[in-house]
Amino acid sequence: MDHRLAGLLRLLELERLEVNIFRGESRDIGSPQVYGGQVLGQALQAAYATVEGGRVVHSLHAYFLRRGDFNAPIVYFVDRSRDGHSFTSRRVTAIQHGEQIFNCSASFQLPEAGFEHQLPMPQVPPPEDLPESPLPGSEFLAGLSPRLRELVHERPIELRAVPASATATQAGAPRQYLWIRTVDRLPDDDRLHRCLLAYASDFHLLGTALAGHEHSIAQGTLMIASIDHVMWFHRPARMDEWLLYAADSPSASGARGFARGSLFTRAGVLVVSTAQEGLVRVLPPAGA
C-alpha cells in the first residue's frame, strides 16, 4: 500500500483506554491547527468501536468548539446514548488539554430496504481529463516553510478540481466540483470507507462560501473556522474509487458562511450529503 495512505489508516486507528474511552494521535498537515476531517474520522471510528450487530452509520452531526493542537493526542469519550431494535445512537466528546474541542452525535441503523430516489449527478468532465489539484484552501502555502509545504503535498487523497469554465453553471449560489479518491486501493471494510469519507468531507465545503467574493485565504484578510458539520450516509461507497464532490453555498451572513455538498459515484449514485457552517470573518486592516 502507498505509504501516504498507510499513514492515514494508522492515524484513524485509536488506542482503547477504557470500554468507552479512546485516544488518537494527530498529524501536522501544514495547517495552524488539527485538520477537522481528522477529528471527524477519529470520532466516527470511536463511535463505531462501541456499535455491534452489523449496524452502519447513516448520520453524523458535529460541532467544532476549539482549535485542536496537533502536537498532543486527542481523547474521545463515547456515550452509549441508545441501543434500539433498528437504530443505535452515540455521542462522542473529544478532549485536549482538559477542554472539549469537539463533540458529535452519530446514528447507526441495521440495513433494510425501502423507497429509493435521488437527485441526478451534475454533468462534469471525468477525472482523467483534469490535472491533480492543490488542497482546497491551501493558498496559504506560499508563506509556509518548505517542510510544511511538503507535509501538505504528501497527502493520501487525490484531488481533481473541475474548472468553472467546464460546467454549465447557472446564475445563483456559488458552486464547486471536485473529484476525490485515495491514492491506493483499500480493504473491503465498509466501516473504514465511511470513516475515510468523514475525513475527506471537510476538504471542500467552507471554501465554496468564498467563491465570488473579493477576499481569499491567500490575502490573509479572513478568519475562517468550521463551526458545525453534518453528514448523511445514503448508500455504501468506496473511497478508493473516484467520487464527485459537488458543493454549493446558498447563503453567507453574520460573518458565517453556509455550504452543502453531495458525493456521487462515477455511475451517478448519490452516496453522501454534507452541510457545514463556518466563521468567515473579515479582519480589519493592519494597524487599524
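By count of other Cβ within 10 Å, fewest leading, how are 65, 8 ordered?
On the way: 65 15, 8 21.
The most exposed by this proxy come first: 65, 8.
Contour minus end-to-end for residue 227 and residue 72, with contour as 0.36 nm per residue of separation and end-to-end as the Cα-Cα distance?
Values: separation 155, 0.36 × 155 = 55.80 nm, distance 2.14 nm.
Going from the current span to full extension adds 53.7 nm.
Taking the simple approach of a point 7 Å from Cα along Cα-to-Cβ for both residue 83 and residue 269, what is their distance in nm?
3.0 nm
To the nearest 0.05, what FRET efficiency results for residue 10 and residue 99 with a Förster distance of 30 Å applied to their C-beta separation?
Using R0 = 30 Å, I get an efficiency of 0.70.
Which order do the peptides 229-236, 101-108 come out in when sorted by mean C-beta neighbours inside 10 angstrom, highest first?
Numbers: 229-236: 18.9, 101-108: 21.9.
Going from most to least packed, we get 101-108, 229-236.
Dividing the Cα convex hull volume of the stretch 12-135 by residue count, how many Å³ per residue is that? Can you show the working numbers first?
Working: hull volume 19.6 nm³, N = 124.
It comes to 158 Å³ per residue, whole-number rounded.
If the only charges are +1 at each Lys and Arg Cβ and -1 at each Asp and Glu Cβ, what is the size of the charge dipole of the stretch 1-126 around the Cα centre, to the nearest 20 debye? Please report the intermediate quantities before stating the final value.
Details: 12 positive and 13 negative charges, 34 e Å.
Computed about the Cα centre, the dipole is about 160 debye.
How far is it, in nm, from the label point at residue 185 to the one at residue 23 when both lie 7 Å from their Cα along the line to the Cβ?
For the pair residue 185/residue 23, the computed spacing is 3.6 nm.
Each value in this text was obtained by applying a stated rule to the coordinates, not by laboratory testing. Model, not experiment: these values are computed from the prediction. Reconstructed Cβ throughout: ideal geometry from the backbone, glycine too, with neighbour counts over all protein chains shown.
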